[in-house]
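Encoded as structure tokens, the structure appears first; notes follow it.
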Amino acid sequence: ISNDHHLSHHYCLSIDLKSFRNLRLSHPIYLYCRYVYPFLGTSTPILTHPPLHIPYTVSSPPNEHLLPHGLCVFNFAVNSEQLASHFQREPLTIEIYCRDQERNERKDQLFGLVHVRLDQVLHAEKQRCSSNANGIVGWRQTWTHALPVIGTNTE
């Protein structure tokens, strides 16, 4: 019987922030996302850039605004038990900021938060995959979900 849940495995996690949908605004704004998740190997904040201009429109949702540079890929090694435990305990919190009109990053206002349960990825269906470059065979799990922005500046 194999007991490989104590062995470290190589993982590649892609986080792709795609868009803002169905925002109700009283004026045009510039938004960007920021998150830090040290478990993935870096304590440097990840930001979408440049801030995305969201115009004010009188029409109500549905609307969608595609985020620039929302993809970040993390490579790390950990045993599967630690991965599952950490992802279950610590959701990824994405902060959404409204850019200050004078473009002073220190005055940017928190627009809202999104909490992502990364353990949901581990429950997704596994698909066999291989790398053409070096012949490595592994598994791919994909989880896509629209999540609400929680904050005082949203409706």
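The values are calculated or read from the model by the stated rules, or taken from the named source; none is laboratory data. Keep in mind the model is a prediction, meaning the values are calculated, not measured. Every residue, glycine among them, receives a Cβ derived from its backbone with ideal geometry; neighbour counts consider all protein chains shown. When the accessible area is computed, the model is the full protein with side chains, heavy atoms only, and any ligands, DNA or RNA have been set aside. Shrake-Rupley method; radii C 1.70, N 1.55, O 1.52, S 1.80 Å.
Axis angle, to the nearest 10 degrees, between helix 80-89 and the longest C-alpha principal axis of the chain: 30 degrees. Each residue was assigned an accessible area with a 1.4 Å probe, and for Cys72 the value is about 30 Å². Label-to-label distance, His27 versus Asn75, with points set 7 angstrom from Cα along the beta-carbon direction: 4.6 nm. Computed over protein heavy atoms with a 1.4 Å probe, the carbon and sulfur contribution to the accessible area of the chain reaches 50%. Packing, as the average of other Cβ atoms within 10 Å across residues, places the peptides 27-39, 47-59 in the order 27-39, 47-59, highest first.
Per residue, the solvent-accessible area of the chain (1.4 Å probe, heavy atoms of protein chains only, all protein chains present) comes to 68 Å². Based on DSSP H segments of at least four residues, each scored -39500 (n - 2.57), the chain has a per-residue ellipticity at 222 nm of -2500 deg cm²/dmol.
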